[in-house]
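The values are calculated or read from the model by the stated rules, or taken from the named source; none is laboratory data. It should be emphasised that the depicted structure is a prediction, and the values quoted were computed from it without experimental measurement. These accessible areas exclude ligands, DNA and RNA; they are computed on the full protein's heavy atoms, side chains included. Shrake-Rupley method; radii C 1.70, N 1.55, O 1.52, S 1.80 Å.
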Amino acid sequence: MTTKRFFIGFLLVSLILAGIVSYYASANPDGLEKVANDKGFNAEEKDHGLKDSPLGDYGVKGVDNARLSGGLSGVIGVGVVLLVGGGLFWFVRRRGSSDPASRREENVASEASGTG
């Protein structure tokens with residue numbers, strides 16, 4: 001399996017999980033929320049600052065269908081993570097190739113091939 005095929009498969013699985021399977025996630029409270037309810041310190045909880053953002057509360061504002069709203073939110077999230085992560089990897093890779101050892105190896109390779 002090539003790296004390209006692996007990443008395409010990984011992207012498809014991520015999109016399917018985020019866009020379709022996420023709708024079937026449990027609506028029950030998670031462990032932290034349950035303990036907060038059981039111990040009574042959930043009365044101090046406050047809404048987060050991004051609650052009214054376009055993707056706040058695991059949905060897309062303005063989309064009334066809960067299944068579609070949650071799926072779109074997941075797909076948009078996968079896209080944002082892909083863009084930010086890919087951009088960081090690209091930046092680090094580009095920045096890393098400017099060190100003297102890498103340039104020396106590139107010069108040796110280009111001289112050996114007759115292009116330098």
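Work out from phi, with θ = phi - 60° and the Karplus expression 6.51 cos²θ - 1.76 cosθ + 1.60, the ³J(HN,Hα) of each residue of the range 9-17, listed in order in whole Hz, and give x for Gly and Pro.
x, 4, 5, 4, 5, 4, 5, 5, 5
If you count only protein heavy atoms with a 1.4 Å probe, what accessible area per residue comes out for the range 29-93, rounded to a whole Å²? The partial results should precede the final answer.
Details: 5400 Å² over 65 residues.
I get 83 Å² per residue for this part.
Leaving out ligands, DNA and RNA, what percent of the accessible area of the range 29-93 is carbon and sulfur, probe 1.4 Å? Mind dumping the intermediate values first?
Working: 3460 of 5400 Å².
After summing per-atom areas, the C and S share lands at 64 percent.
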